[in-house]
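Working notes, structure below.
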Amino acid sequence: MKNTKIAKEASTKKDIVISVCAFLSGFSCFAQLYYFQPLLPDLAREFGLTASHSSLAVSFSTLGMVAGLCVAMFMADSISRKKLISFALLASSLTSIGCSYSPSFFPLVALSALKGFLLSGATSVSLAYISEEVQAKNKNKITGLYIAGNAIGGMMGRVISSYLAAEFSWRVASLSLGLLCAAFALLFLTFSPRSQNFTPKRENFKSLIVADLSLITSRKLIPFYLCGSLMLGIFVSLYNYMGFYLVKEPFNFSPDLIHYIYLMYTFGVFGSLATAKLDSMFNHFSVLRAIVLISVPALLLLYIPNFWIVTLGLALFTFNFFVVHVTCNRVVSDYSLSKRSVAISMYLLCYYLGSSFWGWSTGIVLDHFGWQWFIAILILLTLVLYGIASHGSKIMQQE
């Protein structure tokens, strides 16, 4: 009995440490991917760019992530989880520091792409690391905490960078975020437990390529890959261009105040943590469909030129985005336990590809046709997303 009690206490302590380390990893990844988002008007002014061109600083970060996930999909299971995450977090923070010294826009975009490529090492295996190492009863909570770390990292990265850019410059903001994330990387390296339930695998062609392709092309998983891709694309589009909307009539926001928009990510934290509760009360496929459908009226609120109504719409959509993301993550990661990192990598590849493509292309609509048509396109994409979610749920429930 005494030994059993000691073992339980050790497992609980390990889960607590992993939860904190997972939070730091999630924070660093999203903070670094998106801290340029509120700085796009600054980049546009300094380098003489349009709104859609300035968004390449964000889009190429996520394109780099996509490229890295293509590699990680086939290679991640051959590397120690802790070593891969630690290296990815530390190396990416150095590229963020490097961005602050960019003499022109091109090297900044190139470094952003490299940063995304490096971060893919952490994002591709963090959820697998959690699933493999924590007790079953704590898995959903710690997964939610990891994604809450994504939300808080995305929020604080944007808020901190916007504040520092207003007080000093966007270069100081980039340098500061890079140093902060480097500190988090060192904390992860120092305190995260080594994997006890994962051993790096020596793969042959059949196990590395053929088996993985069955997950990549699975008709049951593809709808959920697409759901994550579209939902993030819509979400990133909103936050990419909201600043350009609010500085104009009738809002006339000072650029110094734009960073407060990203406090809306607080609702994303609530969404990621609330998903486990929603799933315990309802079927998670029903939760997915309902939340996507509710996102349409959230976007319709953005047509009304009133700050508080726009804020309500943005808060509701932010909450919904994180519920969809956590739900799709759960469906994908639980589908194949032996090849979990492959399925997660494919989901994230589509996820960030959607961010890159839609985050850039919807800006072209905004540049040429204005806010009304921009929101109309986002609503259309949400309706397409609902159709995909409904189809995917039906296929998965046929098992």
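Overview of results
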| quantity | calculated |
| --- | --- |
| Packing-based ranking, highest mean first, of 132-145, 361-374 given that Cβ atoms within 10 Å are counted | 132-145, 361-374 |
| Cleavage-rule hits, trypsin sites (Lys or Arg not before Pro), region 244-343, DSSP coil, Cβ neighbours within 10 Å at most 13 | 248 |
| Modelled label reach - residue 289, point 7 Å along Cα→Cβ, region 350-394 residues with backbone N closer than 16 Å | 383-394 |
| Those chymotrypsin sites (Phe, Trp or Tyr not before Pro) in region 214-278 that DSSP places in a loop and that have at most 14 other beta carbons within 10 Å | 251 |
| Violating pairs (Cα-Cα greater than 30 angstrom) within the set 141/248; 277/394; 220/277; 139/220 | 141/248 |
| Equivalent ellipsoid, the chain (semi-axes from 5 times Cα gyration tensor eigenvalues, Å) | 33, 25, 20 |
| GNM result for the chain, Cα springs below 10 Å: residue of 66, 342, 20 fluctuating most strongly | 20 |
| Helix runs (DSSP H) in the chain reaching 30 Å along axis by Cα, Kyte-Doolittle at least 0.5 | 105-133, 170-191, 222-246, 307-333, 340-369, 371-396 |
| Three principal axis lengths of region 71-123 [C-alpha, angstrom, descending] | 38, 18, 12 |
| Estimated [θ] at 222 nm from DSSP helical runs (n ≥ 4, -39500 (n - 2.57)) normalised by residues in the chain, nearest 500 | -27500 deg cm²/dmol |
| Cα-based shape type of region 343-399, given that a ≥ b ≥ c are square roots of the gyration tensor eigenvalues and the cut on a/c is 1.5 | oblate |
| For q = 0.26 Å⁻¹, Debye-computed log10 I/I(0) when each Cα of region 235-312 counts as one equal scatterer | -1.33 |
| Per residue accessible area in Å² of region 1-118, where ligands, DNA and RNA are left out and the probe is 1.4 Å | 40 Å² |
| Estimated D of region 117-203 in µm² per second, where Rh is the Kirkwood radius over Cα pairs and Stokes-Einstein applies at 4 °C, 1.567 mPa s | 85 µm²/s |
| Euclidean distance of C-alpha centroids, region 261-338 and region 37-91, integer Å | 24 Å |
| Estimated Rh, region 40-170: Kirkwood, alpha-carbon pairs, angstrom | 16.2 Å |
| Carbon + sulfur, % of accessible area of the chain - ligands and nucleic acids excluded, 1.4 Å | 69 percent |
| Semi-axis lengths, Å, region 258-399, gyration tensor of Cα atoms, sqrt of 5 times eigenvalues | 28, 18, 15 |
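The values are calculated or read from the model by the stated rules, or taken from the named source; none is laboratory data. It should be emphasised that the depicted structure is a prediction, and the values quoted were computed from it without experimental measurement. Backbone-built Cβ (ideal geometry, glycine too); neighbour counts: all protein chains shown. Note: areas computed on protein heavy atoms with side chains; ligands, DNA, RNA excluded. Shrake-Rupley method; radii C 1.70, N 1.55, O 1.52, S 1.80 Å.
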